[in-house]
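> Can you keep this structure in mind? I'll have questions shortly.
A short reminder: the numbers here are calculations on the coordinates, not readings from a lab. Computed from a prediction, not measured in an experiment: that's the story for all the values here. Positions of Cβ are backbone-derived with ideal geometry, glycine not excepted, and every protein chain shown enters the neighbour counts.
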Amino acid sequence: MLAYLKGKIILKNLHSAVVVANDIGYEVFLSAKNLDAVKKNDEAEFYTHEYLREDSRELYGFMSVAEMNFFRQLISVSSVGPKMAMNIMSIAALDDLRAAVNNGNLSLLTSGSGVGTKTAQKIILELRGKLVGKDAAPDNDVVNALVGLGYSKDHAAEAYTAIPKDHEKTEDKIRAALKYLGKK
C-alpha cells in the first residue's frame, strides 16, 4: 500500500495531478485547495490513501497527516466515497470542516458538490465529537499530556486521531500517541 509519495508534478488535471517518482507516473487525486497549491514541474510530497475496488485502483493525496486522517474518517461514513470526501475537503479549511461537523453546521457541509442534506446529517451524526483539531479535543487528558511533554497542540491533536480505537485507558492512548509521534 502506498502511504507517501514524493516526486515531480508533470501534469495537472481537473481533480488530479500526475507525480513522477522513480520514473513511474502516479495519478494522485487532490482536493481543490491542494491542487491549486501545486504547480507543474514543482517537486511535491503527499501522504496518500490507496483506494482499491474490483475495477479500479485510485490514489488520494494530502499535504498533511491530519488531512489524510480526516479523509479516512469521512469515508468511514456509509454513503461517503472518496470522491465525495474530496469534494467536502475542497469546501473549506480543515479546522472549519471539523467545526462544521462538531457544531452540526449543515449549510457548510451541503455546499460541497454532490453532498445532500441526508449525507451531511449522517456525517454529523457519525463523526460529531470524534474529530480532533483546534476546535475540539475529545480526550483532553491525552492532548494535554502530550502538550505538557512539549508537543504542539496541533501535533498532539494529530497524534490523537492516529490512536487505535481499541485503546480505552488514558495511559494506553498516551503510549500509542507517543509511538505515532516518534515515527514522524
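> Between residue 10 and residue 54, what length comes free when the chain is fully extended (0.36 nm per residue of separation minus the Cα-Cα distance, one decimal in nm)?
That works out to 13.0 nm of additional length.
> Now, a different point. With only Lys, Arg, Asp and Glu charged, each at its Cβ (+1 for the first two, -1 for the last two), find how big the charge dipole of the chain is about the Cα centre; round to the nearest 20 debye.
120
> What lysines could a cross-link reach from residue 173, if we take a straight Cα to Cα line under 20 Å and drop same-chain neighbours fewer than 8 places away?
130, 134, 153, 165, 183, 184
> For residue 39, list the lysines whose Cα falls under 20 Å from its own Cα; do not include residues on the same chain fewer than 8 positions away.
6, 8, 12
> Same structure, new question: Give me the dipole magnitude in Debye, nearest 20, for region 140-183 about the Cα centre, with unit charges on the beta carbon: positive for Lys and Arg, negative for Asp and Glu.
Using only the charged Cβ atoms, the result is roughly 120 debye.
> Which ordering of 59, 11 is given by a fewest-first count of other beta-carbon atoms within 10 Å?
11, 59
> Follow-up. Got a sec to turn the phi values of region 101-113 into Karplus ³J(HN,Hα) couplings, 6.51 cos²θ - 1.76 cosθ + 1.60 with θ = phi - 60°, whole Hz, x for Gly and Pro?
With the stated coefficients, region 101-113 comes to 5, 5, 9, x, 7, 5, 5, 5, 5, 7, 6, x, 4 Hz.
> Expressed as a rounded percentage, what relative contact order does the chain have, with Cα pairs under 8 Å and six or more residues apart?
13
> Kindly rank 98-104, 86-92 from highest to lowest mean number of other beta carbons found within 10 Å of each residue.
Answer by packing, highest mean first, reads 86-92, 98-104.
> In the chain, what % of DSSP beta bridges are antiparallel (nearest 5)?
90
> Give me the number: length gained by fully extending residue 3 to residue 122, i.e. 0.36 nm times residue separation minus the C-alpha to C-alpha distance, one decimal in nm.
40.0 nm
> Hey, another quick one. Sort the chain into rounded, prolate or oblate with this rule: let a ≥ b ≥ c be the square roots of the eigenvalues of the Cα gyration tensor; rounded if a/c is under 1.5, and if a/c is not under 1.5, prolate when a/b is larger than b/c, oblate otherwise.
oblate
> List, in order, the whole-Hz ³J(HN,Hα) value for each residue of region 157-173 obtained from phi through the Karplus relation with A = 6.51, B = -1.76, C = 1.60 and θ = phi - 60°; use x for Gly and Pro.
5, 4, 5, 4, 5, 8, 6, x, 5, 7, 7, 9, 7, 4, 4, 5, 5
> Using the Karplus curve 6.51 cos²θ - 1.76 cosθ + 1.60 with θ = phi - 60°, work out ³J(HN,Hα) for each residue of region 18-25 in order, rounded to whole Hz, and write x for Gly and Pro.
Listing the rounded values in order: 9, 10, 9, 9, 6, 6, 10, x Hz.
> Same structure, new question: Be a star and scan region 87-131 for residues whose amide nitrogen sits under 13 Å from the point 7 Å along the Cα-to-Cβ vector of residue 78.
Backbone N within reach: 122-123, 126.
> Would you calculate a helix-derived [θ] at 222 nm for the chain, using -39,500 (n - 2.57) for each DSSP H run of n ≥ 4 and dividing by the full residue count, to the nearest 500?
Result for the chain: -12500 deg cm²/dmol, rounded to the nearest 500.
> Let me ask another. For each of 31, 56, 111, count neighbouring Cβ atoms within 10 Å of the residue's Cβ, then give the residues from fewest to most.
By the 10 Å Cβ count, ascending: 56, 111, 31.
> I would also like to ask the following. Mind checking which of 81, 108, 68 is farthest towards the positive end of region 68-127's charge dipole, using Cβ charges of +1 (Lys, Arg) and -1 (Asp, Glu) about the Cα centre?
81
> Please compute the modelled spin-label separation between residue 168 and residue 144, points set 7 Å along Cα→Cβ, answer in nm with one decimal.
In this crude label model, residue 144 to residue 168 measures out at 2.3 nm.
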